[in-house]
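Notes to accompany the following structure.
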Amino acid sequence: MKIALASDHAGFLLKEHIKKYLEEKGIKYRDFGTDDETPVDYPDLALKAASAVQKGEFKKGIIICGTGIGVAITANKLKGIRAALCCDTFSARCARAHNDANILTLGARIIDRELALEIVDIFLNTAFEGGRHHRRIEKISNLEGKNNFGPID
Ligand code: RB5
């Protein structure tokens, strides 16, 4: 499995830490930047990694900013992307098992490095449960590209 990685300046150091962890585990990745702590705009970086996942070049992505919020909002604008912001291990497990999240977003200013690695590990190693969850994520997919949809019956 190859992972698409990206961060803004706030997430840069955590991204470097995660890269070391992936290397130790023998997991391949591509780093879409940023390359230092010089301020950048998080949507630009999130878009690079998320569109690589969207195109199917990578099965999963990990995108980091200060809170994980901005990059999640950005990535979720792309059709087929299910980006989940996880600040705890339970959310990480559910993001994969229930939501089939293909992108994990992390907040480098919210969680410490140790917890971030635990979350990454769960995100990479938890399978989608399918079943009733399949129907539910299909309902999400059906909303993609719609503007003024009404209640779902
Ligand atoms: C950058 O200061 C910060 O706004 C960004 O990293 C992120 O937290 C946005 O959601």
* Ile81 being part of a loop (DSSP other than H, G, I, E, B), among the aliphatic types (A, V, I, L, M) and touching a strand residue (DSSP E or B) at 6+ places or on another chain (Cβ under 8 Å) -> yes
Next item on the list: Evaluate the range 7-19: report whether one residue or more is within 16 Å of the chain's Cα centre (by Cα) and β-branched (Val, Ile, Thr).
Entry: yes
*Can you confirm whether the range 37-53 contains a residue that is under 12 Å from the mean Cα position of the chain (by Cα), open to solvent by 20 Å² or more (accessible area, probe 1.4 Å), more than 16 Å from Lys19 (Cα to Cα) and near the ligand (Cβ under 9 Å from one of its atoms)?*
no
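For every residue, the table says whether it meets (1) part of a helix (DSSP H, G or I); (2) of a type in the set (Asp, Glu); (3) under 17 Å from Leu106 (Cα atoms).
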{"site": "Leu5", "(1), (2), (3)": "no, no, yes"}
{"site": "Leu13", "(1), (2), (3)": "yes, no, yes"}
{"site": "His17", "(1), (2), (3)": "yes, no, yes"}
{"site": "Gly33", "(1), (2), (3)": "no, no, yes"}
{"site": "Thr38", "(1), (2), (3)": "no, no, no"}
{"site": "Leu47", "(1), (2), (3)": "yes, no, yes"}
{"site": "Ala52", "(1), (2), (3)": "yes, no, no"}
{"site": "Glu57", "(1), (2), (3)": "no, yes, no"}
Checked Cys65, Cys87 against criteria (surrounded by fewer than 18 Cβ atoms within 10 Å (Cβ to Cβ) and modelled with pLDDT of 95 or more); the one match is Cys87
Contact list, first residue from the range 74-95 and in contact (Cβ under 8 Å) with a residue 60 or more places away in the chain, second anywhere and open to solvent by less than 50 Å² (accessible area, probe 1.4 Å) and not in a loop (DSSP other than H, G, I, E, B), beta-carbon distance below 9 Å, six or more apart or interchain, is Lys79/Ser141; Gly80/Val53; Gly80/Ser141
Out of (1) within 11 Å of Val120 (Cα to Cα); (2) more than 13 Å from the chain's Cα centre (by Cα), the one Cys86 does not meet is (2)
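The values are calculated or read from the model by the stated rules, or taken from the named source; none is laboratory data. Model, not experiment: these values are computed from the prediction. Neighbour counts run over all protein chains shown; Cβ positions are idealised from the backbone, glycine included. For accessibility, only protein heavy atoms count, side chains too; no ligands or nucleic acids. Shrake-Rupley method; radii C 1.70, N 1.55, O 1.52, S 1.80 Å.
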